[in-house]
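Read-outs throughout are calculated quantities, based only on the coordinates presented, and are distinct from any laboratory measurement. Just so you know, these numbers come straight off a predicted model, no measurement behind them. No Cβ is skipped: glycine too gets one built from the backbone with ideal geometry, and neighbour counts run over all protein chains shown.
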Amino acid sequence: MSILNIHRLMSMIAVCAAAVGLVSCAASKSSDGLALNPTIYYKPTIHQSESKCASTETRDLVSVEGKRLITLCQKDYDNCLLQGSCFVDDGKEIVSFNYHSTKEGVPRFMVVDTTKCPYGYGVRGICLDPYFSVAADLSVYDVGEVLFIPRLVGAELPTGEVHDGYVIVRDAGGAIKGANRLDFFTGFFDHRQKANTLARLGFGDPKNRFEFRRASSDERALVQEQRGYPGLKPSNR
């Protein structure tokens, strides 16, 4: 499915989403004594025709080699950097950009191959998988580690898929520190949108606490296979 078609589908889902959200649950303890402290991140789409600012309020997205990729309004640049990636629609095409690294104090970005990873990259070029990917503290968790979160079991996603409760560590974040901090990737939907299943479940509120545990080695292998890790299953493209 093309990026333009994905965006059309997500827009339709957002319009048709039920107005009544799911009620978030109270804090509960996991088997290892930790309660999950969640937040949400997503992939914003910047429509340059709608984003207006003075020339003094712009910033260049810079490539790994230090070359200008595109110029954005400062607020859009800041959000792209905060989320770690963004789509930019210049009226002719939609280009996917991903944070790569910081060199000499300047964040560097790269263009994403959307035929391989429609939603962008996590760490090590691993494809992000909406609603099944989390960013975690990699000093605590391994890349590819699987976690089980009972709160997610049975939740219907915007695609119509039903969540099985398992998520995979595919990303990291500068502010994601500690064993109980997880940042959940929710595709095109931010925490304010009713179509965002995880937002309705309360995962966008860092005050909430949810039960979770590390998956067993057998569970890990099965979940990775089912989700097509480190890429994505064809049905997710």
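Work out, step by step, the length gained on full extension between LYS92 and VAL153: first 0.36 nm times the residue separation, then minus their alpha carbon distance; give nm to one decimal.
Numbers: separation 61, 0.36 × 61 = 21.96 nm, distance 4.00 nm.
My answer for the length gained is 18.0 nm.
Quick check: Cα centre of the stretch 28-104 to Cα centre of the stretch 220-235, how many Å?
When both Cα centres are located, 26 Å separates them.
Can you list the HN-Hα couplings for the stretch 127-142, worked out from phi with the Karplus curve (6.51, -1.76, 1.60; θ = phi - 60°), rounded to whole Hz and with x for Gly and Pro?
5, 7, 10, x, 6, 10, 10, 10, 9, 9, 6, 6, 7, 10, 10, 7
Calculate one ³J(HN,Hα) per residue across the stretch 210-215 by plugging θ = phi - 60° into the Karplus curve 6.51 cos²θ - 1.76 cosθ + 1.60, and present them in order as whole Hz with x for glycine and proline.
Those phi angles translate into 10, 5, 7, 8, 6, 6 Hz.
Under 5 Å between amide hydrogens, which residues at least 5 positions from ILE46 or on another chain qualify, with H placed 1.01 Å from N in the peptide plane?
PHE87, VAL88, ASP89
With θ set to phi - 60° and the Karplus curve 6.51 cos²θ - 1.76 cosθ + 1.60, what are the ³J(HN,Hα) couplings of the stretch 86-96 in order, to the nearest whole Hz, using x for Gly and Pro?
With coefficients 6.51, -1.76 and 1.60, one gets 6, 9, 10, 9, 9, x, 10, 8, 10, 10, 9 Hz.
Within the set LYS116/LYS207; LYS177/LYS233; LYS52/LYS233, which residue pairs have Cα atoms separated by over 31 Å?
Working: LYS116/LYS207 35 Å; LYS177/LYS233 29 Å; LYS52/LYS233 38 Å.
The pairs that break the limit, which is 31 Å between Cα atoms, are LYS116/LYS207; LYS52/LYS233.
Just flag the GluC sites (Glu not before Pro) in the stretch 51-110 sitting in loop per DSSP whose Cβ has no more than 13 other Cβ atoms within 10 Å. Write down the numbers at each step before the final one.
Details: sites: GLU57, GLU65, GLU93, GLU104; in loops: GLU65, GLU93, GLU104.
Answer in residue order: GLU65, GLU93, GLU104.
Can you list residues whose amide H is under 5 Å from THR58's amide H, if they're 5+ apart or on another chain and H is modeled 1.01 Å from N?
Result for THR58 returns GLN74.
If amide hydrogens are placed 1.01 Å from N in the peptide plane, which non-local residues have theirs closer than 5 Å to the one on ARG181?
ASN37
Under the rule a/c < 1.5 gives rounded, and otherwise a/b versus b/c splits prolate from oblate, where does the stretch 29-119 land using the Cα gyration tensor? Working shown, then result.
Values: a/c = 1.84, a/b = 1.78, b/c = 1.03.
Prolate, since a/c reaches 1.5 and a/b exceeds b/c.
Classify the stretch 100-237: rounded, prolate or oblate, from the alpha-carbon gyration tensor (a ≥ b ≥ c, eigenvalue square roots; a/c under 1.5 rounded; otherwise prolate if a/b is larger than b/c)?
rounded
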